[in-house]
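The structure appears right after this line, and notes come after that.
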Amino acid sequence: MKKYWIIPAAVIFLAAAGSFFFLSGRSEEARIKKVLQTLCQMATKRPGDNAAAAALKISRTDRIFAGTFTISISNGMFNGQYNPTQMTSELARYRNVFNEVEVEAQDIEISFPQENHAQALFTGVLNGSTRNGKSLSEARDVECSFIKTDKGWFITRIAIREIMEK
Amino acid sequence: MFSLTALWNRIVHLHRSDDDTAAATFAEFFFPRMKKGFFLRMAVVAVVAAVVCKWVLIPCFIDGESMMPTFPSRGFTFCWTGKYLFRDPARGDVVIVKYVDKVFFLKRIVALPGDVVQFRQGVLYVNGVPQKEPYVRYVSNWNTRPVKISPGHCFVVGDNRSQYIGRHRFGQIRISRIVGAPLF
């Protein structure tokens, strides 16, 4: 009977090892995913969010964006170069448009084209309602480029496209 | 008088008999004894079914007219994810494309990376050559600008080109969005 304890023990050991690997964020992929998660949190506005909490949330742009970075949106008007301070004010303006909004990154694919550089492809999903009561549910292809410095991974470029581009 | 208790007693009685009559086999199959082995088998079946439905044969409800008449506007199929494990998607393949979580599109690949695609009066041109598409049965008057397909992308469109061009979702997608093909 004793031998049957090996199976649950092995399962528990593997689960613990896997959890340690992923939760400790040791892999570079996990760190990049964390940056994307922070970006989504910045763009998310919940009904109970007060102004102070929102200001604190979006003031952290310098932790995820490089000194200068590019935004490229197909058929968009926000194309151009930005710095983290400009991004903070743009985020404040964007959040002001919505009553509530949730932004999520799905199906993240990360590649490392060269040393200290990374690229993430994912589906950006936005669900929310604007101040004038209009509901929005949109999904786009998002491509993010990253550069690694001593302080971690920083976004250098964001390109947003239609999932099916006619 | 018929009661559930009487039925249960009957089932228990059948189980207690050691014979292999049809009635006993029937009772064992439809009313198995709640023993450790039964729960273990149930757990294995549940895990295998969950794995298969999540990663191998994803059940999909079809809701939309974009692939008519090849696929009905309402129907059911499975997405066979193994289709492109050992070969690349090709022109003419019907594929299932992931949009967001739990939302997929059923489309046909008409062009591959490097091709130039255009619709002129409803006729599909690939690299300037009009394509014969026997699966397209409805009349179309679509006109689009020529589009060159980027590396790592392909061009997908539904078979029902009679829909208003603004309503029909088609275009260039990342090949990595293709999750498989319909099983039937």
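No lab work stands behind these numbers, since they all come straight from the coordinates. This structure is a prediction, so every number in the text was calculated from the model and none was measured. For neighbour counting, all protein chains shown are included, and Cβ atoms are generated from backbone atoms with ideal geometry for every residue, glycine included.
What to note about this one:
- In straight-distance terms, cross-link reach from B:Lys35 covers every one of the lysines whose alpha-carbon lies under 22 Å from its own, apart from those fewer than eight places away in the same chain; here that gives A:Lys2, A:Lys3.
- Average other protein chain Cβ within 10 Å of Cβ, residues B:162-174: 3
- Looking at region A:97-166, the GluC sites (Glu not before Pro) that sit in a DSSP loop and have at most 12 other Cβ atoms within 10 Å of their own Cβ are A:Glu115.
- For the protein assembly as shown, the direction-averaged projected area of the alpha-carbon convex hull comes to 29.6 nm².
- DSSP beta bridges fully contained in the protein assembly as shown are about 95 percent antiparallel.
- Taking every Cα-Cα distance in region A:116-161 and sorting them into 5 Å bins from zero, the calculated P(r) comes out as 6, 19, 18, 16, 13, 12, 8, 5, 2 percent.
- For peptides B:128-139, B:65-76, sequence by mean Cβ density within 10 Å, most packed first: B:65-76, B:128-139
- The count of lysine pairs in region B:58-182 that are at least 8 places apart or cross chains, and whose C-alpha atoms lie under 23 Å apart, stands at 8.
- Rg/Rg_ref, region A:70-144, where Rg_ref = 2.2 N^0.38 Å and atoms are Cα: 1.27
- Evaluated with a Cβ-only charge set (Lys, Arg +1; Asp, Glu -1), the protein assembly as shown carries a dipole of roughly 220 debye about its Cα centre, given to the nearest 20.
- Base-10 log of normalised Debye intensity for region B:58-182 (one unit scatterer per alpha-carbon) at q = 0.12, 0.14, 0.18, 0.21 Å⁻¹: -0.42, -0.57, -0.97, -1.31
- Annotation: aspartates and glutamates with alpha-carbon distance below 15 angstrom to B:Lys36 (same-chain offsets under eight excluded): B:Glu28.
- Choice from A:Leu126, A:Leu14, A:Leu39 with maximal GNM fluctuation in chain A (Cα, 10 Å cutoff): A:Leu14
- Convex hull (Cα only) mean projected area of region B:85-124, reported in nm² to one decimal: 4.1 nm²
- Hits among lysines - C-alpha to C-alpha of A:Lys33 under 16 Å, sequence gap 8 or more where chains match: A:Lys148, A:Lys151
- Inter-chain Cβ neighbour count for A:50-60, averaged per residue, equals 0 (cutoff 10 Å, partner chain atoms only).
- If the Kirkwood radius is taken over C-alpha pairs of chain A, then at 37 °C and 0.692 mPa s the Stokes-Einstein diffusion coefficient equals 184 µm²/s.
- Counts of other chain beta carbons within 10 angstrom of each beta carbon in peptide B:91-100 average 2.
- Cβ charges +1 (Lys, Arg) and -1 (Asp, Glu), total dipole of chain B, debye: 620 debye
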